Amino acid sequence: MTHHEPTAAPEASPESKALKVAGRKGFVGAMFLMATSAIGPGFLTQTTTFTIQLGAAFAFAILASVLVDIAIQLNIWRIIGVSGRRAQDLANTAVPGSGYVLSGLDVFGGLIFNIGNIAGCTLGLAALFGLDVRIGAVVSAAFAIVVFLVKRAGVAMDRIVVVLGVVMLALTSYVALTTSPPVGDALLQTVAPETISWLAVATLIGGTVGGYIVYAGAHRMVDNGVRGVEQVGEITRASVLGIAITALMRIVLFLAVLGVVSTGAQLDEANPVASAFTAALGDVGRIFFGAVIWIAAITSVIGASYTSTSFLKVMGQWVTDYERWVVVGFIVASTAIFVALGTQPVTLLVFAGAFNAFILPVGLGLLLWVAWRRSEVMHGYVYPRWLLVIGALAWLATFGVGVPAVMALLEGI
């Protein structure tokens, strides 16, 4: 009788080991960059405004938007991650020249958001220290610029967004716990709402995965070395967890505001988030508001500036060579426009979310085409049919609600 030695499992290649290490370290920063890019002052303002308007029925809009968000992010992150290429480069392989259009739309959307982000920073510093809006804008812009000019800017950015993201979530959760919201009613209306607002759904989708936001984490993930078919598991987990973080923040803020509204308190439409926090905790609430909105805003400044610059790389190698300075220029331009405009932040922030919902179908459609028809770009990876189907359904949903939402918003401005 012949005995065979058990066959040893083949040892992973050095390249495979390096990819796994990159996956473990890289996906956390990418995940939080996406989440904190989404959780900006627009996110806070939209959530508070719609909670005031819809009450507990807003829970349905949150659930509907989260389901669409997951379908979109699962597809976009997997396509970018497996191919190892940025969205604009993939778009150019689908339809030559479309990558430049996508870059233009996303950079413009990022600029609109960043002006709102700077506005959010000034609201936070005014609440905390009573700073004039122009001084608050300059101080906040300077902080963001320093993050990008330090020696290991990428590592600094990843760590800062993680720490600040956790602090922001903790502070908002505390407010939610103190307001005693009607959780039972909210749960019931999650599936059986008294009213449905498709503008709210579209705006939430636009504010979570619209415009540049869905690409923030995906591009960071590729820059961190998380790419290739071997990383599909990490990519999937990171994409879903990124949405889970934003959903958790949305839910705790919704419950915090719902608890205040259910007492009959009248909130200031010009600054609804601040008045909700103050109604909940008094002067301490003002401090909490200042900290939460500044953290939300500054992390979004970092995310919008990084991602918009990553789209500008389609213009040539010089953008990569001078990336830090291009980012600095983007931050300076956003700050200067904010100071010059003096636009009412709430109006600007709600418009930004709806605008990004409008341009979302462009990038999603192009990338789905790449996954479906360009297997060579995907390195021979057989893209799951079920993922294509939910991606196509999400595309139809974003196109179907995005255009009417923007039209309704424009009529109201």
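The values are calculated or read from the model by the stated rules, or taken from the named source; none is laboratory data. Here the structure is a predicted model, which means the values were calculated and not measured. Virtual Cβ from ideal backbone geometry, glycine too; neighbours counted across all protein chains shown. All accessible areas refer to the heavy atoms of the entire protein, side chains included, with ligands and DNA or RNA removed. Shrake-Rupley method; radii C 1.70, N 1.55, O 1.52, S 1.80 Å.
Structure notes:
- Looking across segment 127-145, just one residue is part of a loop (DSSP other than H, G, I, E, B) and crowded, with 16+ Cβ neighbours inside 10 Å, and that is Leu131.
- Each residue in segment 213-248 was checked for being β-branched (Val, Ile, Thr) and over 12 Å from the mean Cα position of the chain (by Cα), and 7 of them qualify.
- Positions within segment 146-168 being open to solvent by 30 Å² or more (accessible area, probe 1.4 Å), within 15 Å of Val328 (Cα to Cα) and either acidic (Asp, Glu) or assigned to a helix (DSSP H, G or I) (or both), in sequence order: Val146, Leu149
- Scanning segment 273-302 for residues that are touching a residue at least 60 places away in the same chain (Cβ under 8 Å), open to solvent by 20 Å² or more (accessible area, probe 1.4 Å) and β-branched (Val, Ile, Thr) yields a total of 1.
- Residue that is farthest from Gly316 (Cα to Cα) [pool: residues in segment 80-98 that are part of a helix (DSSP H, G or I) and among the aliphatic types (A, V, I, L, M)]: Val82
Yes or no, residue by residue, for (1) at pLDDT 90 or above; (2) crowded, with 24+ Cβ neighbours inside 10 Å; (3) within 22 Å of Tyr215 (Cβ to Cβ):
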{"residue": "Thr51", "(1), (2), (3)": "yes, yes, no"}
{"residue": "Leu63", "(1), (2), (3)": "yes, no, no"}
{"residue": "Trp77", "(1), (2), (3)": "yes, yes, yes"}
{"residue": "Val82", "(1), (2), (3)": "yes, no, yes"}
{"residue": "Gly99", "(1), (2), (3)": "yes, no, yes"}
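- Checking each residue in segment 170-191 for being surrounded by 20 or more Cβ atoms within 10 Å (Cβ to Cβ) and either free of Cβ contacts under 8 Å to residues at least 24 places away in the same chain or part of a helix (DSSP H, G or I) (or both) picks out Thr172, Val175, Ala176, Thr179, Ala186, Gln189.
- Assessment of segment 294-304 against the conditions (within 18 Å of the chain's Cα centre (by Cα) and more than 25 Å from Leu105 (Cβ to Cβ)) yields at least one matching residue.
- Qualifying residue in segment 105-126 (condition: buried (at least 20 other Cβ atoms within 10 Å of the Cβ), under 17 Å from Arg220 (Cα atoms), among the β-branched types (Val, Ile, Thr) and at pLDDT 90 or above): yes
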